[in-house]
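Trainee: Before we start, here is the structure in question, set down as structure tokens.
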Amino acid sequence: MDLANRAAAGDLAATQEFLAYVWPTLTRVASGVLGARHPDLDDAVQQSMIALLRALPAFRGECHPAGYASRITLRVALRVRKGNKRDLTRREHFTLLSVSEPADASPNEDALATRRRELLRELLQDLPEEQAEALALRVVMGWTLDEVARATGAPVNTVRSRVRLAKEALRQRIESAPELGELKVQP
């Protein structure tokens with residue numbers, strides 16, 4: 001907290017140390033939304049650092065500085081993702097989560113998991129910003145509803161509704177596309 005406050009006050013050494021401290025978190029969040037091999041990943045992380053430095057003076061210390069940085073990075077990555085209209089075949093090479101698949105997973109299970117991540121990325125791109133943010137924080141970051149509510153400043157029931165609406169949009173997309181019929185979405 002002290003490091004973030006000193007960085008916000010303009011202490012260059014503290015700013016460098018703070019950015020080095022949050023860099024792995026920013027990279028993990030951005031690669032979670034964009035994919036580890038996304039061509040704009042480094043740019044998204046750099047944009048996140050700039051946005052974080054600009055927002056740091058407004059940081060009130062109500063959450064951990066890394067959580068504050070994560071939320072800023074998530075928004076930047078979602079904007080990059082929305083603005084990045086690449087064709088589907090190119091996006092298939094990117095992964096949504098940097099979570100390793102079980103070692104004993106069959107090729108079919110791996111392909112299905114990859115398609116699920118791809119579908120979630122596409123959905124994030126098409127959702128309203130509040131729903132995309134809530135779903136990404138809940139699914140990509142693995143945050144609880146309470147944590148998402150604190151981070152977004154929205155009531156827990158609003159967050160629950162946003163996540164539910166985002167999942168419903170995913171279900172509708174799967175149901176409307178016969179080739180996605182084998183993908184099952186958990187309620």
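Trainee: Spelling out what I want: for every residue of region 153-168, take phi, set θ = phi - 60°, compute 6.51 cos²θ - 1.76 cosθ + 1.60 (Karplus), and round to whole Hz; glycine and proline get x.
Mentor: With coefficients 6.51, -1.76 and 1.60, one gets x, 9, x, 4, 5, 5, 4, 4, 5, 4, 5, 4, 5, 5, 5, 5 Hz.
Trainee: Give me the percent relative contact order of region 1-94, please, defined on Cα pairs under 8 angstrom at least 6 residues apart. Present the calculation step by step, with values, prior to reporting the outcome.
Mentor: On the way: 84 pairs, mean separation 32.2, N = 94.
Once divided by the residue count of region 1-94, the mean separation gives 34 percent.
Trainee: Then there's this: Could you please state, rounded to a whole Å, how far the C-alpha centre of region 122-152 is from the C-alpha centre of region 40-68?
Mentor: Here the two parts' Cα centres lie 17 Å apart.
Trainee: Over the C-alpha atoms of region 1-94, what are the Rg and the largest Cα-to-Cα span, Dmax, in Å?
Mentor: According to the Cα coordinates of region 1-94, Rg and Dmax are 14.2, 46 Å.
Only the coordinates and a few stated rules stand behind these numbers; no lab work does. Since this is a predicted model, take the numbers as computed values, not measurements.
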